[in-house]
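This report refers to the structure that appears directly beneath it.
The values are calculated or read from the model by the stated rules, or taken from the named source; none is laboratory data. None of the values given here were measured: they were computed from a predicted structure. Every residue, glycine as well, gets a Cβ built from its backbone with ideal geometry; the counts of neighbours run over all protein chains shown. Ligands, DNA and RNA are stripped out before the accessible areas are found, and what is left, the full protein with its side chains, is counted by its heavy atoms. Shrake-Rupley method; radii C 1.70, N 1.55, O 1.52, S 1.80 Å.
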Amino acid sequence: MEQVRERRVHGDHGQVTELAYFVVIGLGIGAVYALSGLGIVTLFTGSGLLNFAQGDLMVLGALTAAGVAGSGHGYVAALGAAIAVTGIAGLLLGGLFALPLRQRGFDIDVVVIGTLGVAITMTNLLGIWFGREPERIESPVASATIPIGNFFAPMHYALMLVGAVVVFFGMRLLMRRTDLGLQLRAVAAGVSAARDSGVRIVRMLIVSWLIAAVVGGAAGVLVASVVPVVPESATMLGVNGFSAAILGGLANPFGVLIGGPILGVTESLSGAYLNETVRQAVAPVVLLATLLLRPRGLFASRAKARTV
Amino acid sequence: MRHPRTGRSLALVLSLLAVLALAACGTSDDRSEGATTTTAAKGAGEPIVIGVDLPLSGPSAGAAERMKKAFELLAAEINANDGVNGSEIVLDIQDDGGDPTTGVALIDRFNQAGAVAIIGTYNTPVVLAQSDAILAAKIPQLAFAIGSSIGEKQNPWVFQTGPTDKGQIDGLIEYFKANKITKPAILTDTSAFGTGAKPVLEAAFAEAGITPALNDTFAVDATDVSPVLLKAKQSGADAVVVWTVGPPYAVFATGAQQVDLGIPIFGTASAADPNVAKLAGAAANNIFFQNSIDPQKPAVVEVSNAWADEFDGTVPAEAFSAHDILTIIVDGLKKVGNDREALRDYLDTYTSTSLLAGRQGGTFEFTPTNHVGLGGGNTVWNKYVNGEFTVITVK
């Protein structure tokens, strides 16, 4: 009897609402990927560098915020603390990678591989500082849900999507409307030309790291309301962020804003209508396929024309 | 700024990461190494070394850290009371990262350090990999991994505290029969923990005449498990068995709310992980599980108080396990001295009704043919109520 009733409830209308629910869930998961990817794209568009420690910066932000929120302070204070701490980390990383370049010249491969080392070191340090217990930050919309038929999607997913859009437009404003943004774009386009134009390269590189780290910190706080975060979460956040960034185009923040949700919805629908093995394989397969078939990402032509 | 080699380097590194991520689908083994040696007050004789193998990095690191704290606290207490037979206990605590190769190498380390016994570890694949090395080194090992495949190897030097996965599944079947649950959905995680238990669950359910309404898997780090929970709901299942470790139960609790699940979730003993209540709060109310600890036992209360004096937060199940394991070894050392073979023989017939694990009046018992101390019937059923788990009476 129960099964018959279930079938009646889940008729055509039920299937549509079910599909709508999984699309919304996918968009929420995609927002996590977009937020992860935005930090990676931010550094790339501001300096031409890739940062494999972006997931760790997100975890640093999340765990800092969890500590502040756990000690009785509000969400805004926790977000502020996360931004401050990740900002300092960004300055340190920027100094670590940019200052030696003044003496020894620039080798981008060394920096890229160096960020892998930083990622491993940061994961271990985060484990020592914050412990290995999973942390979650209570969302300001924790009790609110989006009703979709008989389903209830967490309202925080919508907040993450809004967060990703806000970060995107903030970056767009900075890059297009400010002198700082112009200098960052000049460095990303070519060091020699930027230097000849009077741009202080090292300073801009450090600023790029600072901005990317702050974006990562804020993203980490948003993500930590739906994903229990431990130091090892950095790998998952980093790989998914790269998948979204590569899919959308590394030089295209708009691309990652779309690439993240595309990945999220694909994963969600794969889990719902295929199986878990397929769902888990979506992000790495998309990453490999994009690198092989369309290395500049889905939005390649637009990326050529503009960076932000 | 963009170097001609950048594209190639980027493609190479990202491809490597993608391949690694693909390879990681279905497993959760991490590895790293670390070392902590704990010593406390000096005794009159030579120090007694006990090797402790824990996955202090990787997916089980949180639980392993809690157990490490508990061992250190207990060792300090023992040493403060003149140690064992006038000798201090030295815990050689090592990290296997959940990696079998590292775990095997640690047996050699403990052997060379003269360890009289080895405690650990959590992960069944690691304990299975260590089996031959343990047999060769002839060191008694007390493992708290729950895989019943460990016992099937019949290694005379390996003992499991239990309950094993088979023991917990037997308890589950008993509960289902008593409560007329006939069509459970089985959801196992894709880590070694879940994949190891999956065939055991399937065989035990088949033997008991229970046909699962759904038999599916999920990733331990899944952000959202509502798709698989919805499948369970639509399969007509009257309960959901979720086989995983600790924090993912919180994700299931929120997922159950999202799809208005309406049927109970049955977890493993690790659903007692304090992070489940911390992360899920009242959403965890639909989760049932078997716990090896009965909180009404006076000895349990005593250990709880000792933990609370030293650390913040809820007393984790690991503190109780650590207490029992060290008690068993120390009892043995007091009776038979520091000889490994004599200690193994002692463990072979060890019986106790005073350990923390098990029901009130229950017996923890090793025999020459049974190296699992706590049987499946010797557990206590718990249910989450308002974000805390509480003992429930079952039929």
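Long hydrophobic helices in chain B: the complete DSSP H runs spanning 18 Å or more by Cα along their own axis with mean Kyte-Doolittle hydropathy of at least -1.0 are B:4-24, B:61-80, B:100-112, B:124-137, B:165-178, B:192-207, B:298-310, B:317-336.
As a test, work out the antiparallel percent of DSSP beta bridges whose residues both lie in the protein assembly as shown, rounded to the nearest 5. Before the final figure, lay out each step's value.
Values: 22 of 54 bridges.
Around 40 percent of the beta bridges assigned by DSSP in the protein assembly as shown are antiparallel ones.
Taking chain A as a Gaussian network of alpha-carbon nodes connected by springs under 10 Å, the highest mean-square fluctuation of the residues A:ALA281, A:ALA66, A:ALA189 belongs to A:ALA281.
Starting from the alpha-carbon convex hull of chain B, give the projected area averaged over all orientations, in nm².
Details: hull surface 89.2 nm².
Averaging across all directions leaves 22.3 nm² for the Cα convex hull.
If you wrap the tightest convex hull around every Cα atom of the stretch B:101-226 and split its volume per residue, you get 114 Å³. With a 10 Å cut-off around each Cβ of A:239-246, the average count of Cβ atoms from other chains is 3. Semi-axes of the equivalent ellipsoid for chain A, computed as √(5λ) from the eigenvalues of its C-alpha gyration tensor and ordered from largest down, come to 35, 22, 17 Å. Counting Lys +1, Arg +1, Asp -1, Glu -1, what net charge surrounds B:GLU310 among other residues with beta carbon under 11 Å of its beta carbon? Combined, the nearby Lys, Arg, Asp and Glu give -3.
Taking each pair of different alpha-carbon atoms in the protein assembly as shown once, compute 1/r for the pair, average those values, and report the inverse of that mean as the Kirkwood hydrodynamic radius in Å to one decimal. After inverting the pairwise mean of 1/r, the radius is 26.7 Å.
Scanning residues 5 or more positions from B:THR268 or on other chains, those with amide H under 5 Å from its amide H are B:THR244, with H placed 1.01 Å from N in the peptide plane. Share of pairwise Cα-Cα distances greater than 20 Å in the stretch B:150-304 is 50 percent (whole percent). Comparing B:TYR249, B:TYR350, B:TYR122 in a Gaussian network model of chain B (Cα springs below 10 Å), the most mobile by mean-square fluctuation is B:TYR350.
Once you average over the residues of B:228-235, how many Cβ atoms of partner chains fall within 10 Å of each Cβ? Write down the numbers at each step before the final one.
Values: counts 5, 0, 8, 4, 0, 3, 7, 2.
Mean partner shielding for this stretch: 4.
Once the Cα atoms are used to define both axes, helix A:155-177 deviates from the longest principal axis of chain A by about 30 degrees. Measure nothing fancy, just the Cα-based angle from helix A:233-248's long axis to the longest principal axis of chain A, in degrees from 0 to 90, nearest 10. So the helix axis and the longest Cα principal axis differ by about 80 degrees. The aspartates and glutamates within cross-link reach of B:LYS153, meaning a Cα-to-Cα straight distance under 14 Å and a gap of 8 or more places when in the same chain, are B:ASP132. May I ask you to list the aspartates and glutamates whose Cα is less than 17 Å away from that of B:LYS198, ignoring any residue fewer than eight positions away on the same chain? Counting by Cα, and skipping residues close in sequence, B:LYS198 has these aspartates and glutamates nearby: A:GLU276, B:GLU152, B:ASP165, B:ASP170, B:ASP189, B:GLU207, B:ASP216.
Using 23 Å as the Cα-Cα cut-off, could you pick out the over-long pairs in B:LYS177/B:LYS278; B:LYS138/B:LYS334; B:LYS177/B:LYS383; B:LYS233/B:LYS383?
Details: B:LYS177/B:LYS278 32 Å; B:LYS138/B:LYS334 20 Å; B:LYS177/B:LYS383 18 Å; B:LYS233/B:LYS383 20 Å.
Violating the 23 Å limit, Cα to Cα: B:LYS177/B:LYS278.
Shielding of A:275-287 by partners, i.e. mean partner chain Cβ atoms within 10 Å per residue? If you can, show how the numbers build up before the last one.
Details: counts 5, 14, 5, 1, 7, 11, 4, 1, 4, 11, 4, 1, 7.
For peptide A:275-287, the averaged partner shielding equals 6.
Among A:VAL285, A:VAL227, A:VAL110, the residue with the largest mean-square fluctuation in a Gaussian network model of chain A, with springs joining Cα atoms closer than 10 Å, is A:VAL110.
Taking each DSSP H run with n ≥ 4 as -39500 (n - 2.57) and averaging over every residue of chain A yields -26000 deg cm²/dmol at 222 nm.
Within chain B, DSSP assigns beta bridges of which about 35% are antiparallel (rounded to the nearest 5).
Relative to the dominant Cα principal axis of chain A, helix A:179-189 is inclined by about 90°.
What is the stretch A:178-237 by shape, rounded, prolate or oblate, if you read a ≥ b ≥ c off the alpha carbon gyration tensor as root eigenvalues and call it rounded for a/c under 1.5, prolate for a/b larger than b/c, and oblate otherwise? Can you show the working numbers first?
Numbers: a/c = 4.19, a/b = 3.01, b/c = 1.39.
Cα axes put the stretch A:178-237 in the prolate bin.
Accessible area per residue for chain B is 38 Å², calculated with a 1.4 Å probe on protein heavy atoms, without ligands, DNA or RNA.
Given the stretch A:31-188, what whole percent of its Cα pairs are spread farther than 19 Å? I get 63 percent for the Cα pairs in the stretch A:31-188 exceeding 19 Å. Both the radius of gyration and Dmax for the stretch A:166-273 are 16.5, 56 Å, in that order, over alpha-carbon atoms.
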